[in-house]
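The values are calculated or read from the model by the stated rules, or taken from the named source; none is laboratory data. Keep in mind that what you see is a predicted model, and the values were worked out from it rather than measured. All Cβ positions, glycine included, derive from the backbone under ideal geometry; neighbour counts span all protein chains shown. In case anyone asks, the SASA skips ligands and DNA or RNA and just uses the protein heavy atoms, side chains included. Shrake-Rupley method; radii C 1.70, N 1.55, O 1.52, S 1.80 Å.
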Amino acid sequence: MSARRLAAAAVFALLALQWYWHAWLAPPERAPDWLVASLFSLPLLPPALAFLRGSARAALWGGIVALGYFCHGIAELQASPGSRVPAGVEVALSLLLVFASS
């Protein structure tokens, strides 16, 4: 598998993870789950659309966006014992995306 395809797969996997995590696995108590899931997946939409259009810079933007998800995953690993599995998956996918885009 090429690095570009690996980066695209990581972007779409991160996008799916955000919906699974924030809408079904651990829905928020005080806000609508669809709103939280949408807000968490919003930064991934430009790289995902760029991959769908075949843009040459899609992997670059995906890697830049993944750094924020990496930080979020590390913070959740330490702060929320109940969300350690999805947070670990988020960290792993973010690292995969950063390394595949470089």
Unique match (being modelled with pLDDT of 95 or more and closer than 18 Å to GLY73 by Cβ) among ALA16, ALA26, ALA37, ALA8: ALA16
Among the residues of segment 45-63, the number that are open to solvent by 30 Å² or more (accessible area, probe 1.4 Å), closer than 16 Å to ALA3 by Cα and more than 14 Å from the chain's Cα centre (by Cα) is 6
When only residues in segment 64-97 that are surrounded by fewer than 16 Cβ atoms within 10 Å (Cβ to Cβ) and among the polar types (S, T, N, Q) count, which is modelled with the lowest pLDDT? SER80
Looking at segment 44-62, can you tell me whether even one residue there is in contact with a Pro (Cβ under 6 Å, 6 or more places away or on another chain) and farther than 15 Å from ALA16 by Cβ? yes
List pairs: first in segment 11-28 and buried (at least 16 other Cβ atoms within 10 Å of the Cβ), second not in a helix (DSSP H, G or I), Cβ under 9 Å, 6+ apart or cross-chain? HIS22/PRO28; ALA26/SER80
